[in-house]
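Colleague: Dumping the structure here so I can ask a few things about it.
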Amino acid sequence: MTDLPFKTLGLVSPTGVPFTSVRLGKSTFQITTSVGRSLQTYDLRRGLNLVFLSRPQTPDIITATYAWKDRVFAAWGGLRPGSPGGVWVFKRGKKIAALEEPPSGLVEPIEQLLVFGSWVVGCCGRSIQVWKSASYEHYTTLTPAKPKDCSGERILTGKMCNMPTYLNKIFVGKYDGSVDIWNLSSGKLLYTILPTSPNAGAVTALQPAPVLSLLAIAYRNGALSIHNVDTDQIVLSLRSASHSSPPITSITFRNDGLGAGDDGRKSGVMATASIDSGDITIWDLNNGGRVAGILRGAHDVSGNDGDSGINRIEFLDGQPVIVSSGKDNALRSWIFDETPFSPIPRPLHSRSGHAAAITTLEFLPSPSDGSESVGKWLLSASKDRSLWAFSLRKDGQNTELSQGNIRSKAKKAGGFRAGIDQSVRSEDLKAPEITCIACSLNRDGGMGVTTSGPIWANSRGANTDASNATGWESVLTGHRGDKYARTWFWGKKRAGRWTFETGDATEVKVGGLGDP
């Protein structure tokens with residue numbers, strides 16, 4: 001079971017590695033996410049349908065990925081002292097090469113990969129590994145000097161980028177708030193951009209702007225500015241230090257020349273997001289810069305680990321489309337409308353799965369919707385209180401069984417906000433964690449079920465004659481700490497009408513359910 005692509009039951013790896021994207025000609029983009037020890041590649045033109053699943057699996061968990069031309073580079077391992085690590089190269093889901101191991105080995109995990117020109121660069125916590133992109137041979141190891149006031153072992157934050165026209169140069173963020181500029185060819189440190197203030201904290205995001213020589217830099221204290229690296233001067237200071245707002249951890253620029261201004265006909269749009277928040281902020285950089293809009297609740301924020309917001313956002317090259325991934329185990333695309341113009345995008349495509357550990361699995365019995373044999377559909381429950389139906393034949397058919405308009409209720413109750421005042425999350429409004437599942441499709445009504453009304457309400461006004469004609473609920477679940485079993489409509493993929501109390505008023509026991 002461990003080799004099944006369950007993170008089709010999940011799109012984001014346990015380490016929260018962001019997605020990587022690449023343009024294929026003029027027709028589409030491919031988005032690649034890491035799932036434990038495998039890569040999954042989705043095609044945007046096909047509605048984010050799964051097109052490749054990498055094989056073989058890497059020996060250890062994938063820590064960083066980068067898509068370049070028709071290849072995907074994946075760094076893995078090094079997460080524990082003495083554990084091996086490496087970088088593999090995949091093409092159309094198949095391993096085609098491995099980068100040469102450094103002379104001293106990979107003694108720490110690679111947190112970000114970057115491929116450009118003649119170089120493959122891996123940024124670790126204390127060093128930078130450099131390979132040649134043509135031959136995959138190891139070129140050099142760059143080791144920055146440890147600042148005098150640095151108390152921890154880490155020096156680099158794992159944030160780095162290159163900039164157009166800067167040949168062989170990379171920009172690397174550090175924990176003391178500075179940004180080092182290295183020449184990869186000579187292996188020399190050329191310059192260090194100092195932080196905007198002594199208490200700026202670590203660099204949390206770096207992203208080059210479409211305008212040459214401009215670099216957006218975000219800091220741990222919440223500050224955000226756009227820097228001219230030629231003159232070492234701040235061009236725009238967009239956000240000052242703030243204790244109420246989480247630090248920005250992902251930045252992206254729109255480069256199709258539209259989206260800014262009152263009518264959206266100007267260029268100069270930037271988007272920011274945070275690993276501590278589920279919101280995406282859209283900036284208009286004209287006339288000193290301002291917040292043009294905020295996409296609230298783009299991804300769920302869970303309270304399980306306090307580190308579950310958005311891990312990456314990216315504007316697709318030349319398109320009014322932004323792609324986001326979050327530690328709620330979701331990959332989503334959003335599109336900006338031109339007529340009528342809106343500074344806030346609307347949903348385009350979405351792929352998601354469980355946001356927490358799986359607790360219960362149950363194959364749907366035959367016959368099931370669209371299945372000619374046993375084993376097509378898998379019912380899956382998780383600690384995130386959700387119930388999913390996964391197709392083992394077509395990824396695009398995966399769906400969560402609805403428990404009502406949870407996201408809208410959470411928003412109205414104050415959810416999807418970062419900060420100490422956040423009291424309501426979408427998972428708080430769901431039924432308790434599912435511990436057991438039973439199913440029988442003998443009287444399932446399929447998509448033709450016409451019943452409506454509140455879920456699990458045990459309404460006395462229910463029309464049994466109508467139910468006999470259209471079908472009954474066909475899935476029954478038991479929940480942790482709950483004395484009620486709950487019904488679900490399989491055909492409609494939503495919660496049912498009834499709850500059944502146990503005879504002894506205790507929790508529904510695992511294995512205590514028969515066919516309903």
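The values are calculated or read from the model by the stated rules, or taken from the named source; none is laboratory data. Predicted model, so just to flag it, every value in this text is computed and none were measured. Note that each Cβ is placed from the backbone with ideal geometry, even for glycine, and that neighbours are counted across all protein chains shown. Note: areas computed on protein heavy atoms with side chains; ligands, DNA, RNA excluded. Shrake-Rupley method; radii C 1.70, N 1.55, O 1.52, S 1.80 Å.
Colleague: Within the range 86-106, can one find any residue that is at pLDDT below 95 and more than 19 Å from CYS123 (Cβ to Cβ)?
Modeller: no
Colleague: Name the single residue that is farthest from GLU108 (Cα to Cα) among those in the range 158-195 being in contact with a strand residue (DSSP E or B) (Cβ under 6 Å, 6 or more places away or on another chain) and of a type in the set (Val, Ile, Thr).
Modeller: The qualifying residue farthest from GLU108 (Cα to Cα) is ILE193.
Colleague: Still on this structure, please answer the following. Given the conditions (1) part of a loop (DSSP other than H, G, I, E, B); (2) under 23 Å from the mean Cα position of the chain (by Cα); (3) under 22 Å from TYR175 (Cβ atoms), report the number of the one that GLY318 does not fulfil.
Modeller: Going through the list (1) part of a loop (DSSP other than H, G, I, E, B); (2) under 23 Å from the mean Cα position of the chain (by Cα); (3) under 22 Å from TYR175 (Cβ atoms), GLY318 breaks only (3).
Colleague: Could we say that SER245 is closer than 24 Å to ARG407 by Cα and in a loop (DSSP other than H, G, I, E, B) here?
Modeller: yes
Colleague: For PRO144, which of the numbered conditions (1) surrounded by fewer than 17 Cβ atoms within 10 Å (Cβ to Cβ); (2) closer than 30 Å to GLU101 by Cβ fails to hold?
Modeller: (1)
Colleague: While we're here: Has the range 116-124 got any residue that is buried (at least 21 other Cβ atoms within 10 Å of the Cβ) and in contact (Cβ under 8 Å) with a residue 60 or more places away in the chain? Break it down into steps so the answer makes sense when it comes.
Modeller: Here is the first cut: in the range 116-124, the residues buried (at least 21 other Cβ atoms within 10 Å of the Cβ) are 120-124.
Now restrict to residues that are in contact (Cβ under 8 Å) with a residue 60 or more places away in the chain: 121.
Yes, the range 116-124 contains at least one residue that is buried (at least 21 other Cβ atoms within 10 Å of the Cβ) and in contact (Cβ under 8 Å) with a residue 60 or more places away in the chain.
Colleague: Quickly run through the range 125-135 and pick out the residues that are touching a residue at least 24 places away in the same chain (Cβ under 8 Å) and open to solvent by 30 Å² or more (accessible area, probe 1.4 Å).
Modeller: Across the range 125-135, the qualifying residue is only ARG126.
Colleague: Could you tell me whether the range 96-107 includes any residue that is open to solvent by less than 10 Å² (accessible area, probe 1.4 Å), of a type outside the set (Ser, Thr, Tyr), in contact (Cβ under 8 Å) with a residue 24 or more places away in the chain and assigned to a strand (DSSP E or B)?
Modeller: no
Each row is one residue, and each column tells you yes or no for (1) farther than 18 Å from SER185 by Cβ; (2) in contact with a Gly (Cβ under 6 Å, 6 or more places away or on another chain); (3) of a type in the set (Ser, Thr, Tyr).
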{"position": "PRO84", "(1), (2), (3)": "yes, yes, no"}
{"position": "LYS91", "(1), (2), (3)": "yes, no, no"}
{"position": "GLU111", "(1), (2), (3)": "yes, yes, no"}
{"position": "TRP119", "(1), (2), (3)": "no, no, no"}
{"position": "SER127", "(1), (2), (3)": "no, no, yes"}
{"position": "VAL130", "(1), (2), (3)": "no, no, no"}
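Colleague: Would you please name the residue that is modelled with the lowest pLDDT, looking only at residues in the range 227-242 that are outside any loop (DSSP other than H, G, I, E, B) and of a type outside the set (A, V, I, L, M, F, W, C)?
Modeller: If we filter the range 227-242 for residues that are outside any loop (DSSP other than H, G, I, E, B), which is where we start, we get 227-228, 233-239.
Restricting the remaining residues to those that are of a type outside the set (A, V, I, L, M, F, W, C) gives 227-228, 233, 237, 239.
Working: HIS227: 97, ASN228: 97, GLN233: 96, SER237: 95, ARG239: 91.
Here the residue is ARG239.
Colleague: Consider the range 307-326. How many of its residues are surrounded by fewer than 24 Cβ atoms within 10 Å (Cβ to Cβ) and within 19 Å of ASN398 (Cα to Cα)?
Modeller: The number of residues fulfilling the criteria is 0.
Colleague: Then there is this: Give the residues of the range 241-295 that are surrounded by fewer than 17 Cβ atoms within 10 Å (Cβ to Cβ) and among the acidic types (Asp, Glu), sorted by residue number.
Modeller: ASP256, ASP262, ASP263
Colleague: Out of all the residues in the range 254-272, is one or more touching a residue at least 40 places away in the same chain (Cβ under 8 Å) and on the phi > 0 side of the Ramachandran plot?
Modeller: For the range 254-272, residues touching a residue at least 40 places away in the same chain (Cβ under 8 Å) and on the phi > 0 side of the Ramachandran plot: present.
Colleague: Quick check on my filter: what residues within the range 456-510 are closer than 21 Å to GLU400 by Cα, of a type outside the set (Gly, Ala, Ser) and modelled with pLDDT under 85?
Modeller: Within the range 456-510, TRP472 is the sole residue that qualifies.
Colleague: Let me ask you something else. Could you list, in sequence order, all residues of the range 441-459 that are surrounded by fewer than 16 Cβ atoms within 10 Å (Cβ to Cβ) and of a type in the set (S, T, N, Q)?
Modeller: Listed by number, the residues that qualify are ASN442, THR450, SER452, ASN458, SER459.
Colleague: Additional query: Which number in (1) more than 23 Å from VAL22 (Cα to Cα); (2) small (Gly, Ala, Ser); (3) outside any strand (DSSP E or B) marks the one condition that ALA292 misses?
Modeller: Single failed check for ALA292: (3).
Colleague: May I pose another question? Tell me yes or no: at least one residue of the range 15-35 is in contact with a Leu (Cβ under 6 Å, 6 or more places away or on another chain), over 21 Å from LEU331 (Cα atoms) and at pLDDT below 95.
Modeller: No, because not a single residue in the range 15-35 is in contact with a Leu (Cβ under 6 Å, 6 or more places away or on another chain), over 21 Å from LEU331 (Cα atoms) and at pLDDT below 95.
Colleague: For the range 126-159, what are the residues that are assigned to a loop (DSSP other than H, G, I, E, B) and under 18 Å from THR65 (Cβ atoms)?
Modeller: Hits for the range 126-159 are SER133, TYR136.
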